[in-house]
Amino acid sequence: MVFSYYHRLTAKQRRIYEASDRVEAIPLGSAVEFAAEVGRLQSALESEVRISVERATQALADQLTRRFGVRTVRVRVLERRPSSRYGELHGLYEVENARSQPVVTLWMRTVQRRQVVAFKTFLRTLLHELVHHLDYEWLKLEDSLHTEGFYKRESSLLHQLLDSATDSASVSRD
């Protein structure tokens, strides 16, 4: 299945889209080693302290980029999401050029109610931006497009990390 915008792409963009769509998972191997960082991120978000959330998010991003042998990203966590008539912005992946360090920006509070976003939503947003990074750095795609494969890669990472955190928590309670 292709998304509707596929038909507006150039031949080169279609090849990138199709290459992206073929990769449906990003295997972490032993995801258990990420459980502590995932737990720290959840605790930091619950604390509602922006700098703590930023540090915990950076630590998890560093661990994930090391796992895949790609350059690190700089994580910025800001308070309230920006919005426009199109909706709220949850996250942003930016890179100035091939030599500059990519930046992932995330927002920890909703626009209307200014509430801290749910942990799974925040984690999924981080992973969404990291999948863009992995598309360029790990899969060596020329562009990072929102394909069905892209969203499956994002979900595969999310489920592995959440499962590892759940498994770790149940083991530590025994």
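Model label points for Arg14 and Thr166, set 7 angstrom from Cα along the Cα-to-Cβ axis, are 4.1 nm apart.
Straight-line reach from Lys140: taking Cα to Cα under 26 Å and skipping same-chain neighbours fewer than 8 places apart, the lysines in range are Lys12, Lys152. In the chain, the calculated helix contribution to ellipticity at 222 nm averages -17500 deg cm²/dmol per residue, counting -39,500 (n - 2.57) for every DSSP H run with n ≥ 4.
So how much slack lies between Gln112 and Asp143, counting 0.36 nm per residue of separation and subtracting their Cα-Cα distance, in nm? Intermediate results must be reported in sequence, preceding the final value.
Numbers: separation 31, 0.36 × 31 = 11.16 nm, distance 3.30 nm.
Gain on extension, Gln112 to Asp143, equals 7.9 nm.
Tell me, what is the FRET efficiency for Glu46 and Tyr86 to the nearest 0.05, using R0 = 30 angstrom and their Cβ-Cβ distance as r?
Values: r = 30 Å, r/R0 = 0.99.
E(calc), rounded to 0.05, equals 0.50.
The dipole here belongs to region 4-166: it is taken about the Cα centre, uses +1 on the Cβ of Lys and Arg and -1 on the Cβ of Asp and Glu, and is about 380 debye.
Centroid-to-centroid, using Cα positions, region 96-116 and region 127-162 are 17 Å apart.
Assuming a ≥ b ≥ c are the square roots of the Cα gyration tensor eigenvalues, decide whether region 1-128 counts as rounded (a/c under 1.5), prolate (otherwise, with a/b larger than b/c) or oblate.
Working: a/c = 1.86, a/b = 1.30, b/c = 1.43.
Since a/c reaches 1.5 but b/c is at least a/b, the shape of region 1-128 is classed as oblate.
Computed from the coordinates by the stated procedures, all read-outs in this text should not be read as laboratory data. These numbers were taken from a predicted model, which means no experiment stands behind them. All Cβ positions, glycine included, derive from the backbone under ideal geometry; neighbour counts span all protein chains shown.
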